[in-house]
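Read through the structure below, which is laid out as structure tokens, and then see the notes.
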Amino acid sequence: MKDFAGKKVAAGVCGILLGALGIHKFILGLTTPGVIMLLVSLLTCGIGAVVMSIIGLIEGIIYLTKSDEDFYQIYAVDKKGWF
């Protein structure tokens, strides 16, 4: 669990700053949602990146405001992909 606590901050910051690319999903090992976010951003010539950026911003804030135990349970154990 301690190993995953370091990913919380990295995923939160990447979600806020690079949310459109889905990097925060890859950090958590959630490759399918990460690929979806990346492809939506790229294949819509950036139009979908606006929506993905908003999703990334929201998720980044959610990651950073959760306790370490909740974060671990939701994203490491349950592997919740979205919000």
Close pairs from the range 64-83: first free of Cβ contacts under 8 Å to residues at least 12 places away in the same chain, partner outside any loop (DSSP other than H, G, I, E, B), Cβ under 6 Å, at least 6 apart:
Lys80/Ile74
What tally of residues in the range 21-32 results from selecting those that are surrounded by fewer than 23 Cβ atoms within 10 Å (Cβ to Cβ) and part of a helix (DSSP H, G or I)?
6
Search the range 28-45 for residues that are in contact (Cβ under 8 Å) with a residue 24 or more places away in the chain and pair each with any residue that is part of a helix (DSSP H, G or I) when their beta-carbon atoms are under 8 Å apart and the residues are at least 6 apart or on different chains.
Leu28/Lys7; Leu28/Ala11; Leu28/Tyr75; Leu28/Ala76; Leu30/Tyr75; Pro33/Lys25
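Could you say whether any residue in the range 54-74 is outside any helix (DSSP H, G or I) and crowded, with 19+ Cβ neighbours inside 10 Å?
Of all residues in the range 54-74, those outside any helix (DSSP H, G or I) come to 66-67.
Keeping just the survivors that are crowded, with 19+ Cβ neighbours inside 10 Å gives none.
Scanning the range 54-74, I find no residue that is outside any helix (DSSP H, G or I) and crowded, with 19+ Cβ neighbours inside 10 Å, so the answer is no.
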Write out, first by first residue and then by second, each pair whose Cβ atoms fall under 6 Å of each other, whose residues are 6+ apart or on separate chains, and whose first residue, in the range 46-63, is among the hydrophobic types (A, V, I, L, M, F, W, C) while the second is in a helix (DSSP H, G or I).
Ala49/Ala20; Ala49/Ser41; Met52/Ala20; Met52/Met37; Met52/Val40; Met52/Ser41; Leu57/Ile16; Leu57/Gly19
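A short reminder: the numbers here are calculations on the coordinates, not readings from a lab. Just so it is clear, the model here is predicted, and its values are computed rather than measured. All Cβ positions, glycine included, derive from the backbone under ideal geometry; neighbour counts span all protein chains shown.
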